[in-house]
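Quick notes on the structure that follows.
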Amino acid sequence: MAWRSALMIDPVASDDRREDFAGTLHPFDPDAPALRVGDLSAQRGDGIFESLGVVDGHVQEVGPHLERLAHSARLCDLPAPHLGQWRAAIAQVSADAGAGENVMKLTLSRGVEGQTVPTAWITLASAPDNVRSRTGGVRVVTLDRGHALDVPARAPWLQLGAKTLSYAVNMAAIREAKRRGADDAVFVSSDGFVLEAPTASVVLRTGDRVITPAPSVGILHGTTQISLFAFLAQRGFDTAYETVPLADLARADAAWLLSSVRLAAPVSAVDGEAKAVDRALTDEFNAYLLSPRD
C-alpha cells in the first residue's frame, strides 16, 4: 500500500462551538512512528474506524461515514466525535489525494491505557486494484459466525454492528476462504441466515427486487449499500431489508459484495457452485459508485 499522507487529531468535545479546527490537526509522516506503545488501539484493538473511498480527489459519502463513526462510538462507550472537526480533517487530508482511487481511513482509539484522552488520526493511501473483483467477480464460501440471529439483541456488550478495530476474526475468515479456494467469505448465523462478508455488505437480486440482511441482526449498516439502494429506488427497483435464509443466496438471480473501496463485486460462485454474474447491472452499479457522492 502506497501511503500518501497522515494527520493526527486532538479530539475536541462534540459540543465545541468553534468553527476553525486548524490548531487541532497535525500532519505527520505515515511511514514514521506515531503511536505510543500503550495505545489501546494496538494493545487491545479498542477503538473504531471508517474507510472512505476517494475518487479523483473527491471523498465519497462523508456524511454517512461520520454518522456511522458516531454510532460506533456510542456502542463502544467512546467520547462522541466532533463531526465538524472530523470534516475539517477529512478536507485537509483529501488535498493530497490526486487522481485515481484512494482510501482514507478514520481511526478513533480509546487512547493510552490508564489515561482518559482518546487518540484519533486519519491516513490516506492508494486503493488496491479492484478491477478483477468488479469485472470477473468473487468466489465466496459461507462460514458460521458462531451465534444465532437473536444474539445481538440479547448480548449488546458484544458490540455487534459497531465498526471496531478488532478485525482479527474478519481477517481469519478471509484466510480460511482462500484456503478453501475462494476469494472471500460470507458469514452465516448458526441458525442459517445470511449476515455479511468480513469487509462488505451482501446484496441479492431476484427479478426487480433487491434485498440485503437487516442491520438489526448485528451487522454493519453499509454506507455503500445505503447509497446503492437510493440509486436503485430511482431506477424502479423494489429494495428491502430482510431476514435472509442461506438458501436464498444460491437461489438469487445475482448477488454482490458491496464496500466503500472495492465497490460492487459480483458473486461468481457460492461454496464451489457457479453463480451467474449480472454484468450489465454490475457495470451500472460501479459507474454510479465511482461518481461523486456526498
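Of these, A13, A88, A80, which one is under 28 Å from R262 (Cα atoms) and among the small types (G, A, S)?
From the options A13, A88, A80, the qualifying one is A88.
Which of the residues spanning region 47-65 are surrounded by 14 or more Cβ atoms within 10 Å (Cβ to Cβ) and farther than 20 Å from Y167 by Cβ?
Selection gives V54, V55, G57, H58, V59, Q60, E61, V62, P64.
Listed residues D294, D283, D278; which is outside the structural domain of T135 (by TED's automatic domain parsing) and either under 18 Å from the mean Cα position of the chain (by Cα) or not basic (K, R) (or both)?
D294
Among the residues of region 5-15, are any within 20 Å of the chain's Cα centre (by Cα), under 21 Å from A73 (Cα atoms) and either surrounded by fewer than 17 Cβ atoms within 10 Å (Cβ to Cβ) or of a type in the set (G, A, S) (or both)?
The answer is no, given that none of the residues of region 5-15 is within 20 Å of the chain's Cα centre (by Cα), under 21 Å from A73 (Cα atoms) and either surrounded by fewer than 17 Cβ atoms within 10 Å (Cβ to Cβ) or of a type in the set (G, A, S) (or both).
Looking at (1) within 14 Å of W121 (Cβ to Cβ); (2) of a type outside the set (A, V, I, L, M); (3) surrounded by fewer than 16 Cβ atoms within 10 Å (Cβ to Cβ), which is the only condition R44 fails?
(1)
Hey, which of the strands (runs of 3 or more DSSP E) in region 93-201, taking only ones fully inside, have at least 1 residues that are among the aromatic types (F, W, Y), touching a residue at least 24 places away in the same chain (Cβ under 8 Å) and over 28 Å from A274 (Cα atoms)?
Those strands (runs of 3 or more DSSP E) span 119-126.
Say we look at region 16-34 and pick out the residues that are within 25 Å of the chain's Cα centre (by Cα) and surrounded by 15 or more Cβ atoms within 10 Å (Cβ to Cβ); which of these is farthest from Q92 (Cα to Cα)?
Looking at the filtered set, the residue picked out is A34.
How many residues does region 103-117 hold that are in contact with a Ser or Thr (Cβ under 6 Å, 6 or more places away or on another chain) and buried (at least 23 other Cβ atoms within 10 Å of the Cβ)?
Counting residues in region 103-117 that are in contact with a Ser or Thr (Cβ under 6 Å, 6 or more places away or on another chain) and buried (at least 23 other Cβ atoms within 10 Å of the Cβ) gives 1.
Every residue in region 211-234 that is touching a residue at least 40 places away in the same chain (Cβ under 8 Å) and either in a strand (DSSP E or B) or not β-branched (V, I, T) (or both), please.
Those that are touching a residue at least 40 places away in the same chain (Cβ under 8 Å) and either in a strand (DSSP E or B) or not β-branched (V, I, T) (or both): P215, S216, G218, L220, H221, S227, L228, F231.
Which of the numbered conditions does L83 fail, given that it passes all the others? Conditions: (1) surrounded by 18 or more Cβ atoms within 10 Å (Cβ to Cβ); (2) in contact with a helix residue (DSSP H, G or I) (Cβ under 6 Å, 6 or more places away or on another chain).
Single failed check for L83: (1).
Find the residue count for region 187-227, including only residues that are under 11 Å from the mean Cα position of the chain (by Cα), farther than 19 Å from V141 by Cβ and crowded, with 24+ Cβ neighbours inside 10 Å.
4
Would you confirm, using the coordinates I've provided, whether E19 is assigned to a strand (DSSP E or B), of a type outside the set (S, T, N, Q) and on the phi < 0 side of the Ramachandran plot?
no
Can you find, within region 206-220, the residue that is farthest from F285 (Cα to Cα) among those that are touching a helix residue (DSSP H, G or I) at 6+ places or on another chain (Cβ under 7 Å) and at pLDDT 95 or above?
Per the criteria, the residue is T212.
The values are calculated or read from the model by the stated rules, or taken from the named source; none is laboratory data. Keep in mind that what you see is a predicted model, and the values were worked out from it rather than measured. Cβ coordinates were reconstructed from backbone atoms using ideal geometry, including for glycine residues, and neighbour counts include every protein chain displayed.
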